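Just below is one structure, and these are the notes that go with it.
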Amino acid sequence: RDVMVHKFGALRGMVYGDKFTHRLVVPQDKLLKHGKIVHGDIKSVEPGKVLLKDGSELEFDYLVCATGSRSKLADPLADVSTRDGIMAYWNNIAKEIEKAKSIMLVGGGPVSVELIGEIADKYGHEKQIYLATNKDKVLYNDPPFAAGFYKKIDKQLKKLGVNVFTSEEVQMPFEKDNPVLVGERNVTLGRKDITVDLVINGTGSIINTYMYPEAWKDGESARIKVLPTLQVEGVDNVFAIGDINNVRETKIGYTAMLQAGVAAKNIIALEKKKKLKKYKASKPVMFVPLGRKGGAVAMPGFSLGPFFASMLKGKTVFVEMSWNNMNQKKTLKPEIK
């Protein structure tokens, strides 16, 4: 891709469309002062080199594997490489949400819950919104977050008029390239049939580890096996961070950034032949905004309410941070009101 996609704000983009999506595709041309960015699709990773699908090879002294994961809702973007194509996908979903009078979100994780918050933030009670999950609560986590976190989220969803169905299996004809089903259809939940005109797949995530050697992976989860130093087991000069490694912690952007810092320091330590730093897995944390002013934050043993959810994430969804990190602060254009 010729841009960096700011995933933290994607759900807002799916609701506000072209008034907001231009803020989610960040140019890469000012990122590196030394070195260069190579655009290409990875075929495979081998000892000492990365093979691209166009036949070219990139040799490395050190490799950081940070290929992440994508939600089912973002799956159609896997093969989209252009700024305009990425924005068009989000803009089209925003148009369907605008037209819909009733919407079903399938899945009770952060994607569904945060998207509901964005819809309610823009449209209020104009639309009938349903959420169905096969778990016994929304935002299920093992181990569970503090009880107060769930209470805060449940209370706000109720206030927004969202109809939540837990412990329900929903069978819908979703496909890889079609996680949004447009048009009136019946959804059976328990003993109740519900008619909606838009169904959105907010379930699960797909881990991007297809390109790595099978020997690196945990067979059960397909995640990359790493040491406490975040080095791949048995490969001293390769690190794996974020969603793709098998560190037991909540897989969110915040913890991925913490891991990135440790991996960077350890590469420098290897060059200087110094002792490597061990990464300490974070206790369960979660930042779940419901629009710009609602939501809750789960912290180890306690929770914070809407004010903190807004200040920490919901107000800005970290847009300015991403543009600053890519050295593009001066080119960021404001949201269109």
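A few comments on the model shown:
- For the stretch 178-266: lysine pairs under 25 Å (alpha-carbon distance), excluding those fewer than 8 apart on one chain: 6
- Other-chain or far-sequence residues with amide H under 5 Å of residue 290's (modelled H): 295, 296
- Under 11 Å, Cβ to Cβ, from residue 118 - net charge with Lys/Arg +1 and Asp/Glu -1: +1
- Rounded if a/c under 1.5, otherwise prolate or oblate - the stretch 138-219, Cα gyration tensor axes: oblate
- The chain: relative contact order as a whole-number percent, Cα under 8 Å and 6+ apart: 21 percent
- Potential extension, residue 249-residue 172 segment - 0.36 nm per residue separation minus Cα distance: 24.7 nm
- Karplus-derived HN-Hα couplings along the stretch 237-243 (A = 6.51, B = -1.76, C = 1.60, θ = phi - 60°), whole Hz, x at Gly and Pro: 9, 10, 10, 10, 10, x, 4
- Accessible surface of residue 71 - all protein chains present, 1.4 Å probe, nearest 10 Å²: 30 Å²
- Partner aspartates and glutamates for residue 280 [C-alpha distance under 12 Å; skip if fewer than 8 residues away on the same chain]: 249
- Whole-Hz couplings from phi, Karplus 6.51/-1.76/1.60, listed for the stretch 309-318; x for Gly and Pro: 4, 5, 5, 7, 8, x, 5, 10, 6, 6
- The 1.4 Å probe gives accessible areas that order 34, 39, 22, 125, largest first, as 34, 125, 39, 22.
- Solvent exposure, largest accessible area first (probe 1.4 Å, DNA, RNA and ligands not counted), of 62, 16: 62, 16
- Accessible-area ranking of 210, 254, 279, largest first, probe 1.4 Å: 210, 254, 279
- Radius 15 Å from Cβ of residue 210, net charge of other residues (Lys, Arg +1; Asp, Glu -1): -1
- Gyration tensor (alpha-carbon) shape descriptor, the stretch 44-158, a/c threshold 1.5: oblate
- One Cα centroid belongs to the stretch 111-141, the other to the stretch 143-193; the line between them spans 7 Å.
- Kirkwood estimate for the stretch 102-258, i.e. one over the average of 1/r between Cα atoms, Å: 17.8 Å
- By definition, a body whose alpha carbon gyration tensor gives a ≥ b ≥ c is prolate when a/c is 1.5 or more and a/b is larger than b/c, and the stretch 1-81 fits this prolate description.
- Formal net charge of residues neighbouring residue 49 (Cβ-Cβ distance under 9 Å; K, R +1; D, E -1): -3
- Taking every C-alpha pair closer than 8 Å and separated by at least 6 residues, the mean separation divided by the residue count of the stretch 207-330 gives a relative contact order of 15 percent.
- Among beta bridges that DSSP assigns inside the chain, antiparallel share in %, nearest 5: 70 percent
- Size of the chain as Cα extents on the principal axes (Å, biggest first): 62, 42, 37
The values are calculated or read from the model by the stated rules, or taken from the named source; none is laboratory data. This is a predicted model, so every value here is computed, not measured. Every residue, glycine among them, receives a Cβ derived from its backbone with ideal geometry; neighbour counts consider all protein chains shown. Areas reflect the complete protein model, heavy atoms only, side chains present, ligands, DNA and RNA absent. Shrake-Rupley method; radii C 1.70, N 1.55, O 1.52, S 1.80 Å.
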